[in-house]
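A short write-up of the structure that comes next.
Rule-based calculations on the coordinates, nothing more; no lab input. All figures in this text were calculated on a predicted structure; none of them were measured in a lab. Cβ: placed from backbone, ideal geometry, glycine included. Neighbour counts: every protein chain shown.
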Amino acid sequence: MVEETTFRKLKKALLEMMRGYPEWGYYGKLQYFLPKTGDKSVDLLIDHEIIEELSKEDVQKLQISEEEKKQRWYRLKPRGVDLAISMINLEYSERVLKYTHETSYFTKILIWFTKILVVATVGMLIFAFAQALITLWF
């Protein structure tokens, strides 16, 4: 089981936001996935240019209720999309690494099995040769 870290929670949030890139704006998405550090995470991601905060004019254009317009709206920036794709690639590379270890283990087992078969075959040949000599001798 993989530990649920903040980075993995952030990955889920970014992947959700990537589905609506570039048109959709969000509010509360990061706060939902990162409840302990919600607004701090939003500020940090804005500082690192992962997301951008929508201007008040853009929020006013949306067909939403007045209560929702008071929320902090944000959307992914291209750098955020790159980060989300990198996170997907990290997950796939972890899977590939796991399967590589499994393949290496099974390869070692097959090598030992082959060695046992070679030794058994050589033993059978020696035994058959000894039997042939004994039959010819007597």
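So here's what we get for this one:
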{"item": "Candidate lysines - alpha carbon under 22 Å from residue 9, same-chain residues fewer than 8 apart omitted", "result": "29, 36, 40, 77, 98"}
{"item": "Fewest-first ranking of 83, 15, using other Cβ atoms within 10 Å as the exposure measure", "result": "15, 83"}
{"item": "Low-density loop positions, trypsin sites (Lys or Arg not before Pro), segment 7-83 - DSSP coil, at most 14 other Cβ in 10 Å", "result": "19, 36, 70"}
{"item": "Net charge of Cβ neighbours under 13 Å - reference residue 60; Lys, Arg +1; Asp, Glu -1", "result": "0"}
{"item": "Enclosed volume per residue, in Å³, of the convex hull spanned by Cα atoms of segment 66-107", "result": "74 Å³"}
{"item": "Mean shadow area of segment 64-138 over all directions, Cα convex hull, nm²", "result": "9.5 nm²"}
{"item": "Residue order, fewest to most beta carbons within 10 Å, for 55, 41", "result": "55, 41"}
{"item": "Tilt relative to the chain, helix 6-18 - C-alpha long axis, 0 to 90 degrees, to 10", "result": "70 degrees"}
{"item": "Coordinate range along principal axes, alpha carbons of segment 25-70, Å, largest first", "result": "28, 20, 12"}
{"item": "Between 0 and 90°, nearest 10: helix 38-47 axis offset from the chain longest Cα axis", "result": "90 degrees"}
{"item": "Spatial extent of segment 9-123: Rg and Dmax, with the Cα atoms as the point set, Å", "result": "24.5, 87"}
